[in-house]
């Protein structure tokens, strides 16, 4: 081993000309021998962390090109990019990693044959890094640069609030009216969050980059923690500099009365940075007097409303959004100086804006009518003139405007963000459709030459019309039958008597069934009741880890009800007890991208959100750091592993031989997971299962992978907030253990629903 390390060190110390052999392929040198594919793929979750003082080196096959780089997290200190020619001479040394910049593209020197990216003063984590002569594939997500000037500035604690709090403002304002807009986020800087933000913005047609101030914290919902972590980043100074550079006329942020402490703190920082500046500063306020209506049809969205366009964009925020969330059709705001304003740009002349457009619908050509004797040509429609009047305050309409059947008229004057007075154009004249032409009589058939013989032509029966064949409908694959496929939202059905709980949406289906059986324990038949939840996922990821406290510390416990209520989830099951107990039998624990335990002595289960699947990571097969950098967001460790690749793990049958309540998660195929919760310790109702019996059950359900989670009196299944399974009372006379439900530090949940009904189960869909 030492000899190998010495050889590797010698190679790295060789002068660069010795490495640059003509015609050689690109050669990577990466700390800890991480695979280069993590940098060259388009997966935003895979990345490589380079410790301070080390570097990534790349020897190019061809000189020149452009370096494309995307940080996983914006570094605290810029990295140093060095370019070398074929002789190993340093061509340039430049800092890379400007604050707020996730994407970097650097044109390389035509003589550049190698480069290095050094973590000079701080470690960095990079998600994408490659050199190409061509523009990168859109899948890599490289944005255009952020705007240098803006009339409207949005300052938010997270990308999701663009839609959750501001609804259709961007669609109606930035896109429909073309107003120069800049967006600033003060949030933990992870690439997958801003990648979703990019997809959401581009779905609206916004291609400029937001600005990230990268105010990182521990994601605890505690104001003291946020203040402690954000203060060193000096966000007030950063915002002050942005205000000076962008020179916005209007700034919009969220009100202080919010349950997210980052929103509260962001609101405070914005007010401090805006002091002494001439601008209209607005904040969201349910009682505000500035009302923006997002229900009118928009030209740039083919007649869709702003709230409809925003809802579609919101769907791209898979890791942040609340599923089935209904965005508001109206937005109410207040000016922070206490002045009354009916619109954001009240008192500001539209001619002073960087850009503004009054959208004109494209005239749809009609079919050319059949010429008549006196055709009346219609005059050509005049183009709509851009407004020159001052943007005036106006009250928003209380009722939505119906979308026109065809956009052949200039848009009507409407109220809201821009209530500009536009000239009403004359309607184009229409020509009446001419009546059908009269039938022309055809000459009679010529008679035969013999006049005495009259031929009688027998009338021909009209042919029977051939029936139009009815197309055979394309059968829906069995997997898709579990979902709603008509865009109808959500379906919920609860049948307590027969033990059936059903939930369906377009992306998630949960089907729970109660089952009863008997198990033979010690020669005695015992009743057993268990619950099987089939989980079907497609499209967006619907899985979320839950925690006993908003501090996510892995130790503080809470009831299943509290965790389910906080998540408003469709399905909730018991987790692995995180780091609250039994650390000696646990392996790598990752939750929501954070590492709680890095020991590798036991198997762990990884839940892969991209493929909606689970897989088993064998003991001592990978380090926790490597697992994180491979893109894993959630791993669980309790065990034992029951089934792997369709094969039963025989040694697991001899583990946990006692009869107990159980929780297990398995997979039939990607997109189809199965969770089973077994009731136990309740004589006459259900005593539980041994591990061997549970393995046989999971195998009979078709699971190709299965992993045991925390059981005993922790074993719980919740459906839309109602506990599905049953716990006893007092002390079990057989085991001497309490039958009452325990509090826990964590759980697994799927879905988010506005149909969440808490402790009282719904009896009807």
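No lab work stands behind these numbers, since they all come straight from the coordinates. The model shown is predicted, which means the values in this text are computed figures rather than measured ones. Ideal geometry is used to build each Cβ from the backbone, glycine not excepted, and the neighbour counts take in all protein chains shown.
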Neighbour-count ranking [beta-carbon atoms within 10 angstrom, fewest first] of 112, 519: 519, 112
Virtual spin-label span in nm between residue 622 and residue 329, 7 Å along Cα→Cβ: 4.8 nm
Taking r as the C-beta separation of residue 657 and residue 268 and R0 as 56 Å, the FRET efficiency to the nearest 0.05 is 0.45
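Going by C-beta contacts inside 10 Å, put 741, 39 in order with the fewest on the left.
On the way: 741 18, 39 21.
Going from least to most buried by this count: 741, 39.
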Inter-probe distance in nm under a simple model that places probes 7 Å from Cα toward Cβ, at residue 650 and residue 122: 5.5 nm
If I take every Cα pair under 8 Å that is 6 or more residues apart in segment 152-352, average their sequence separation and divide by the length, what percent do I get for the relative contact order? 27 percent
Order these peptides, 710-717, 286-293, by their mean beta-carbon neighbour count within 10 angstrom, highest first. 710-717, 286-293
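Would you please give the FRET efficiency between residue 111 and residue 28, computed as 1/(1 + (r/R0)^6) with r the Cβ-Cβ distance and R0 = 30 Å, to the nearest 0.05? Walk me through the numbers on the way to the answer.
Working: r = 21 Å, r/R0 = 0.68.
About 0.90, to the nearest 0.05.
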Rounded to the nearest 0.05, what FRET efficiency do residue 594 and residue 470 give with R0 = 60 Å and r taken as the Cβ-Cβ distance? Could you check? 0.60
Using a/c under 1.5 as the rounded threshold, could you call segment 466-592 rounded, prolate or oblate? The axes a ≥ b ≥ c are square roots of the C-alpha gyration tensor eigenvalues, and prolate needs a/b larger than b/c, oblate otherwise. oblate
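Hey, can you rank 134-143, 258-267 by average C-beta count inside 10 Å, highest first? Mind showing how you got there, number by number?
Working: 134-143: 14.6, 258-267: 19.2.
The peptides rank, most packed first, as 258-267, 134-143.
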Antiparallel %, DSSP beta bridges [both residues in segment 152-352], to 5: 35 percent
Spin-label point model (7 Å from Cα, Cβ direction): what's the residue 132 to residue 581 distance in nm? 5.2 nm
With a cut-off of 19 Å, note down the residues of segment 57-71 whose backbone N falls inside the zone around a label point 7 Å from the Cα of residue 91 toward its beta carbon. 57-69
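Want the number for residue 520 to residue 203: 0.36 nm per residue separation, take away the alpha-carbon distance, what's left? Could you put the intermediate results ahead of the total?
Working: separation 317, 0.36 × 317 = 114.12 nm, distance 5.85 nm.
Difference between extended and current length: 108.3 nm.
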Provide the packing ranking of 331-344, 191-204, i.e. peptides ordered by the mean count of other C-beta atoms within 10 Å per residue, highest first. 191-204, 331-344
When a/c reaches 1.5 or more, the comparison of a/b and b/c decides; with that in mind, is segment 607-765 rounded, prolate or oblate per its Cα gyration tensor? oblate
With 10 angstrom as the radius, rank 531, 185 by how many other C-beta atoms surround their C-beta, starting from the fewest. 531, 185
